[in-house]
Structures are given as structure tokens and as C-alpha cells.
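Each reported figure results from applying straightforward, stated rules to the coordinates on display, with no laboratory input. Quantities reported herein were computed from a predicted structural model and do not represent experimental measurements. Cβ placement follows ideal geometry from the backbone for every residue including glycine, while neighbour counts extend to all protein chains displayed.
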Amino acid sequence: MAASGTLSTFRLPPLPTIREIIKLFRLQAAKQLSQNFLLDLKLTDKIVRKAGNLTNAYVYEVGPGPGGITRSILNANVAELLVVEKDSRFIPGLQMLSDAAPGKLRIVHGDVLTFKIERAFPGSLKRQWEDDPPNVHIIGNLPFNVSTPLIIKWLENVSCRGGPFVYGRTQMTLTFQKEVAERLTANTGSKQRSRLSVMAQYLCNVQHILTIPGQAFVPKPEVDVGVVHFTPLVQPRIEQPFKLVEKVVQNAFQFRRKYCYRGLGMLFPEVQRVESTGKLLELADVDPTLRPSQLSVSHFKSLCDVYRKMCDEDPHLFAYNFRELKQNKSKTQEKEDDKERDRL
Ligand code: SAM
């Protein structure tokens, strides 16, 4: 227990409920924007507790909406909370919260996909990468179609220590469709193991900390929701450029049910495919008959290290992209088909 008188704890004054705020400001969820709100403050408190100790923290909340999670963060005794919300209808309700928490809540009407958090908090918060994580946290319940591209972007930022990671190993607590949360945290060999599992786990310690049933949201989404906590690792488990890792992992998972050599082969142009795939697997000491889901992060580390060497030896190799080629081919085929139809 804290010694009495040493800490001043902040609590929001009594406020209208989130349901009342929604009514007051006519904040009906926009279905096309996949808005699903959390109204139960016990649940939002639980999510915020799972994010870790936020005392004196600088928190970046993405997509605050009517402000349920926002209230719980403010009640966690943070130093400052910066919220970025795209839908202008929510700004007056958030302003009301800001008035109730003087000097604590900064509201930005903007898009999390482009907002530059790296300049938003004091530089004095910065920690060395090897140190404990800084007192900077990201928390958010975003629409699913935003949270997945955003986590890919932030994982790339982790790899080059940019964006929110200029402060050090900033921790993130984010919601995803439960199935995506399971993929992010899936172990080697499990059914959910996918591209996302490897990309997240080579850079971060990833934990599925909570599952929230769909009924907890208004309106109820079609799926349950998983809350995932990310802490960037001091030492990434693969030390190669993000784009190279992404390419190897993406190709490996291209044919999920086939042996891994099939997808990995697509890293190479057809004329050299058999030979180069054999060389890659042999030098990386990876059994070609493993399925993509059976490849561990250390298998991927060896594959990426060898592929990097092969790219260094052949400067055209990295630019080779089978998927792009396939897409272009099918576009050309479509054009040919159109011409053929016109002729008939
Ligand atoms: N956090 C609130 C809650 O838990 O009740 C709202 C959740 S709702 C699923 C997602 C929120 O993110 C909405 O308020 C929506 O307007 C906002 N949002 C969606 N895309 C966004 C973007 N690109 N940038 C900022 N906010 C966004």
C-alpha cells in the first residue's frame, strides 16, 4: 500500500454515463466505420489495468470514440493522455472529459495512420533501447480494418526504432478480432500460426491478455475480441531488415498446407527456383518437408540470414516478386480476354 500523503491520486468527478454521452451527442455507431463501443466501465478499467502500471505515464489512446477506455486511463493516475480520433462527432464528448480532468487530456482530431506521435511527448521520456520500457503506452480499441495495418506499420517502426518507439520500447495494448489475436500469439505448430505470428514474435513479446465477448460491445460485433499486449524485445530474434523478413515470411506462408519449400521457392525466378530453394534450405538447415506453420522463429532467422546472403550475391534477387508478377500476369490475361471478347 502507498504511504499516505506521498501520492495524490486523480479521480474523474461524477459524469454522465457513456450511454448518456452517446444519447446527448447523438453518437450512433457508424456501421460502415465498424464502430463498436464499450459502455461498461468495469470492463474498460480491466483492459487498462492489463496494460500495466500507468502511474505518471504518458498514454496515447487511438480511437477513443465516446470515451469509455479514456475515462479508465484518466483514472489510472496518468501524467498525460493524448487521444487521436478521426470522427469529429466524438470531439465535444471528449472535450467534456478534458474539462473534468484539467491539464491531463489532449485531444487531436486526426487519423492514427498518419499522426506523428514521435514529436507529441516530452523528449525527456526517451530511454535507451536496452533499458526498461519508457513510461509511454499505447492503448486502443480500433476498428479491425485499422488495427491490423496499424500493427504491421508499428512492427516496422519497432524494427527501425521509429514512430512511437523513438521513446524506447514503448508498450502497446490493442484490441483485435479474437482470431487475429490468436494468430498474433500462436506458437510454432499451432493451427493459427501465420505470417502475423512470426512478424510480431520476432520483434516483440506478445501476450493475448484478455478475451472480450462480442456482447460487451454496442452494437455487438459478429466476433469476440482479443486484447493483445506487445513489449518490443531488446534484441530482435531476426536481425535483418523488416522488408526482407516480411518477404521471406509472406512467401513461406503462401501455400499454407504444402511443404514449406513450395512457398519459399517463390522467392526465386523460375529458371533457378529448384536449385536456389534447395541451397536456401540446405544452408539454413531447414527440413523442406516442414509445413509453414511448423517453422519456428529461429528457422525463419536462418532462412532470412541465408536469403540475405543470396541477395547480396545477386543484386536483382531481392527485387524479384512472384506475387507482383502473378498479379501483372493476371491483369495482362484479363486484358487479352477483353480483347478476345471485343473481337467476337
Ligand atoms: N475506444 C472506443 C470504445 O472502446 O468504446 C471506441 C471504439 S470504436 C471500435 C473505434 C473508434 O476508432 C471510433 O471512435 C472510430 O471513429 C475511431 N477510428 C477509426 N479509425 C480511426 C483512425 N484511422 N484514426 C483515429 N480514429 C479512428
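Remarks
- Nearest 10 degrees, 0 to 90: helix 297-313 Cα axis against the chain principal axis: 60
- A straight chain from Thr114 to Glu282 at 0.36 nm per residue would run longer than the Cα-Cα distance by 56.3 nm.
- Relative contact order %, the stretch 148-305, counting alpha carbon pairs below 8 Å whose residues are six or more apart: 23
- In this simple spin-label model, placing a label point 7 Å from the Cα along the Cα-to-Cβ direction at both Arg26 and Asp99 gives a separation of 2.0 nm.
- Flagged links, alpha-carbon separation over 29 Å, of Lys126/Lys220; Lys50/Lys86; Lys50/Lys301; Lys153/Lys309: Lys126/Lys220; Lys50/Lys301
- In this calculation the C-beta distance from Val271 to Asp87 is compared with R0 = 51 Å, giving a FRET efficiency of 0.45.
- Sites listed here are trypsin sites (Lys or Arg not before Pro) in the stretch 239-300 whose DSSP assignment is loop and whose Cβ has at most 16 other Cβ atoms within 10 Å: Arg256, Arg257, Lys258.
- Per residue, the average separation of C-alpha pairs within less than 8 Å and at least 6 apart gives the stretch 18-232 a relative contact order of 19 percent.
- Annotation for Glu239 and Lys153: the two label points, set 7 Å from Cα along the Cα-Cβ direction, are 3.0 nm apart.
- With loop membership from DSSP and a limit of 15 other Cβ atoms within 10 Å, the longest segment of the chain without GluC sites (Glu not before Pro) is 1-129.
- Loop-located trypsin sites (Lys or Arg not before Pro) in the stretch 43-129 (DSSP state not H, G, I, E or B) with no more than 11 neighbouring Cβ atoms inside 10 Å: Lys116.
- Overall, the anisotropy analysis places the stretch 141-263 in the oblate class: the square-rooted eigenvalues a ≥ b ≥ c of its C-alpha gyration tensor yield a/c not less than 1.5, with a/b not exceeding b/c.
- Environment charge at Arg183 (Cβ cut-off 13 Å; Lys +1, Arg +1, Asp -1, Glu -1): +3
- Cα gyration tensor, the stretch 242-326 - rounded (a/c under 1.5), prolate or oblate: rounded
- Formal net charge of residues neighbouring Asp224 (Cβ-Cβ distance under 13 Å; K, R +1; D, E -1): -1
- Three-way shape label, the stretch 18-232, alpha-carbon gyration tensor, a/c 1.5: oblate
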